[in-house]
Amino acid sequence: MKKHIGDIIGLVLLAFVAACRFITPVADFYAERCYPIISAVLSWPASLVPFSLEELTVVGFFIAFIAVIVRAIRRRKKFLWWLGRTGRVVLWLLVWFYLGWGNNYFRTPLYARLGVKPAQFEQETFDRFLNEYTDMLYDCVSRPQTLETQVLEQRIKNFYAQDIAACGYTPLRSWQHVKKPLINPLYSAVSILGWLGPFFCETQVNLDVPGLQYPSTLAHEMSHLCGVTNEGEANYWAYAFCRQSEDPSLRYSGCLAIFPYVVQNVRALLPPNQSAAWEYDIPQQVWDDSTALNQFWLEKRVPFIEKAQRRIMDLFLKSNGISDGARSYQGVVGIIITMDERGNHPAQ
């Protein structure tokens with residue numbers, strides 16, 4: 001019995017993970033009651049080292065898989081022996097991933113929690129959004145980046161402590177800081193600007209991220225640490241943080257981060273003459289910066305690796321119930337308009 005106690009514990013925890021996936025109130029209980037404690041417990045020891053423990057964990061699981069194969073070959077074990085040992089590694093990989101962070105995928109979505117419906121396209125509403133967004137661009141374009149990482153982190157934490165927590169997410173802890181990745185060239189090869197590690201709840205930002213992108217990227221990844229799972233919503237929270245800042249450089253980083261999505265919506269929702277007029281009205285510096293950032297990452301990409309990574313990530317997100325966002329708009333723009341229409345939202 002003692003020999004199998006670990007397997008029994010793993011199966012019980014896996015049953016809880018399954019309950020979160022298929023029973024929304026259980027997932028809500030995890031997100032509201034369990035995740036704040038789990039993320040604090042996991043991230044505290046990780047804060048004691050400057051490098052990423054997430055990467056070491058992934059490497060550790062990979063070595064475990066290889067070790068099982070090597071042992072099976074050397075000792076001439078039967079297929080069922082190999083299958084059982086491999087299943088054990090997979091069991092703990094799944095349990096650790098979902099208990100550490102992944103069960104947040106299955107909680108009640110943001111709109112349902114707030115009792116709001118996704119905004120449908122209305123010309124007047126969209127025009128108002130474009131006017132506000134364009135005015136902000138003119139107000140903050142071409143401003144230099146000035147904040148150090150620690151100062152920026154603290155401002156994000158202060159903002160999320162009130163605003164994101166009011167939407168049912170977990171406030172950030174004082175010891176949770178951005179970590180430096182160990183294999184940074186790999187992430188640049190697939191254009192990953194940052195990520196949230198589920199095994200130790202570590203926020204990590206690609207070391208190659210230019211200054212114009214860094215504030216919005218860090219705010220995006222730290223929203224994931226709060227429990228946000230939807231990429232469009234993470235973009236929204238990053239934009240919300242940057243938009244409310246008194247620092248023009250932060251506002252510009254937020255505006256520039258969503259600029260490609262705004263352009264997509266304009267071209268998809270407005271007649272060609274109106275779309276062209278709006279694009280003509282955008283400061284040339286915005287187009288130049290957006291093009292330069294795109295070219296910067298293009299030069300670092302390894303196409304076949306990026307294609308495989310995007311396909312895997314797409315399948316992963318869909319398997320965890322992540323949709324493409326509001327149907328009438330594309331991604332983050334729909335969330336911005338919906339949350340602004342809600343009224344009196346702190347991100348305004």
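Return the residue satisfying two criteria in turn: it lies in the stretch 261-303 and is within 15 Å of V141 (Cβ to Cβ) and among the hydrophobic types (A, V, I, L, M, F, W, C), and of such residues it is surrounded by the most Cβ atoms within 10 Å (Cβ to Cβ).
By that ranking, first place goes to V262.
If I ask for residues that are part of a loop (DSSP other than H, G, I, E, B) and within 11 Å of Q204 (Cα to Cα), which ones from the stretch 177-193 would you list?
H177, V178, P181, L182, I192, L193, listed by residue number.
Please go through (1) over 24 Å from G197 (Cα atoms); (2) part of a helix (DSSP H, G or I) for E233 and return the number of the only condition it doesn't satisfy.
(1)
Go through the residues of the stretch 185-194 one by one and say whether even a single one is closer than 30 Å to F106 by Cβ and either polar (S, T, N, Q) or outside the structural domain of Q285 (by TED's automatic domain parsing) (or both).
yes
Is there any pair with a first residue in the stretch 90-106 that is assigned by TED's automatic domain parsing to the domain that holds I9 and within 14 Å of A19 (Cα to Cα) and a second that is in a helix (DSSP H, G or I) and of a type in the set (V, I, T) whose Cβ atoms are under 6 Å apart and which are 6 or more apart or on different chains, and what are they?
Final answer for the pair search is Y98/V17.
Does L256 meet the test of being of a type outside the set (G, A, S), in the same structural domain as D163 (by TED's automatic domain parsing), over 26 Å from N104 (Cβ atoms) and not in a loop (DSSP other than H, G, I, E, B)?
yes
Given the criteria assigned to a loop (DSSP other than H, G, I, E, B), acidic (D, E), modelled with pLDDT under 90 and in the same structural domain as V263 (by TED's automatic domain parsing), does D324 qualify?
So D324 passes the test.
Among (1) part of a helix (DSSP H, G or I); (2) loosely packed, with under 13 Cβ neighbours inside 10 Å; (3) not assigned by TED's automatic domain parsing to the domain that holds A161, which single condition is L48 missing?
The failed condition is (1).
Would you point out which residue out of A238, A257, A219 is free of Cβ contacts under 8 Å to residues at least 24 places away in the same chain, out of contact with any strand residue (DSSP E or B) (no Cβ under 9 Å at 6 or more places or on another chain) and surrounded by 21 or more Cβ atoms within 10 Å (Cβ to Cβ)?
When all the criteria are applied, what remains is A238.
The values are calculated or read from the model by the stated rules, or taken from the named source; none is laboratory data. From a predicted model like this one, the values you see are computed outputs, not experimental measurements. Using ideal geometry, Cβ is built from the backbone for each residue, glycine included, and neighbour counts are taken over all protein chains shown.
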